[in-house]
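Undergrad: What follows is a structure written as structure tokens; I'll ask about it next.
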Amino acid sequence: MLKIIIPSSEFFNETSSEFLTRPEVKIDMEHSLVSLSKWEAEFEKPFLSKEDKTPAETSGYLRAMTLTPNVSPEVFWRMPPEVITQINTYIGAKMSATWFTEVPGSSKSREIITSEIIYYWMTALNIPFECEVWNLNRLFTLIKVTNQKNSPAKKMGKGEQLAQQRRLNAERMASNNTTG
């Protein structure tokens with residue numbers, strides 16, 4: 001969970017010709033599958049795409065991430081750049097000690113990933129739905145680990161098969177005291 005503070009701000013209201021102060025606001029946020037689902041329900045397009053988000057879509061995701069109740073929409077428009085940087089750093093953080101070695105030449109899937117695809121993966125891999133509130137990057141790590149641990153062992157190459165046969169034959173000859 002990310003805890004952010006939007007500092008108080010002062011502005012001039014031209015209608016009433018007076019200075020007004022907006023109070024400091026503390027917000028709890030979570031980058032999770034639930035947030036992703038809320039955003040996709042509102043904007044009806046995949047969030048996890050390479051397409052740039054409009055300011056309204058970005059503000060919409062910030063609202064979807066917000067756990068604190070009754071936050072005024074104007075608060076999301078007055079976030080200073082350092083708070084936006086803090087949120088982006090949090091969204092991009094790995095949130096796990098697990099790392100993967102990528103196989104050279106392995107291709108990335110071109111499948112469009114939506115919240116429903118992620119829920120399908122969770123169902124297929126028997127990952128409990130309680131994980132939908134985890135940080136999204138941590139959930140992706142769990143999905144990848146579960147998928148790797150459940151996948152069948154890779155087949156040996158021809159050279160590995162021949163080497164294994166030679167080793168087994170040598171062990172049999174040694175144990176039976178034969179020459180072949």
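Undergrad: Only one of these conditions is not met by Ile127: (1) assigned to a helix (DSSP H, G or I); (2) surrounded by 15 or more Cβ atoms within 10 Å (Cβ to Cβ). Which number is it?
TA: It fails just one condition, (1).
Undergrad: Taking the condition of being among the small types (Gly, Ala, Ser) and not in a helix (DSSP H, G or I), how many residues in segment 153-173 meet it?
TA: Total meeting the criteria: 2.
Undergrad: Under 6 Å by Cβ, and 6 or more places apart or on different chains, what pairs join a residue from segment 3-17 that is under 21 Å from Met29 (Cα atoms) and touching a residue at least 24 places away in the same chain (Cβ under 8 Å) with one that is of a type in the set (A, V, I, L, M, F, W, C) and surrounded by 11 or more Cβ atoms within 10 Å (Cβ to Cβ)?
TA: Ile4/Ile27; Ile4/Val83; Ile6/Val25; Ile6/Val75; Ile6/Met79
Undergrad: Does Ile27 satisfy the criteria of being of a type in the set (Val, Ile, Thr) and either modelled with pLDDT of 95 or more or surrounded by 14 or more Cβ atoms within 10 Å (Cβ to Cβ) (or both)?
TA: Yes: the conditions hold for Ile27.
Conditions tested, residue by residue: (1) in contact (Cβ under 8 Å) with a residue 12 or more places away in the chain; (2) within 30 Å of Pro7 (Cβ to Cβ); (3) not basic (Lys, Arg).
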site	(1), (2), (3)
Trp39	yes, yes, yes
Leu67	yes, yes, yes
Arg78	yes, yes, no
Asn88	no, yes, yes
Ser96	yes, no, yes
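Undergrad: Do we find that Ser59 is assigned to a helix (DSSP H, G or I) and under 30 Å from Pro128 (Cα atoms) in this structure?
TA: When the stated conditions are applied, Ser59 passes them.
Undergrad: A further question follows. Mind checking which pairs have a first residue in segment 48-64 that is closer than 23 Å to Val75 by Cβ and a second that is modelled with pLDDT under 90, Cβ under 6 Å, 6 or more apart or different chains?
TA: Ser59/Phe76; Leu62/Phe76
Undergrad: Same structure, new question: Going through Glu82, Glu116 one at a time, which residue ends up being part of a helix (DSSP H, G or I), within 21 Å of Met1 (Cβ to Cβ) and among the charged types (D, E, K, R)?
TA: On inspection, the qualifying residue turns out to be Glu82.
The values are calculated or read from the model by the stated rules, or taken from the named source; none is laboratory data. From a predicted model like this one, the values you see are computed outputs, not experimental measurements. Glycine also receives a Cβ, built like all others from the backbone with ideal geometry; neighbour counts cover every protein chain displayed.
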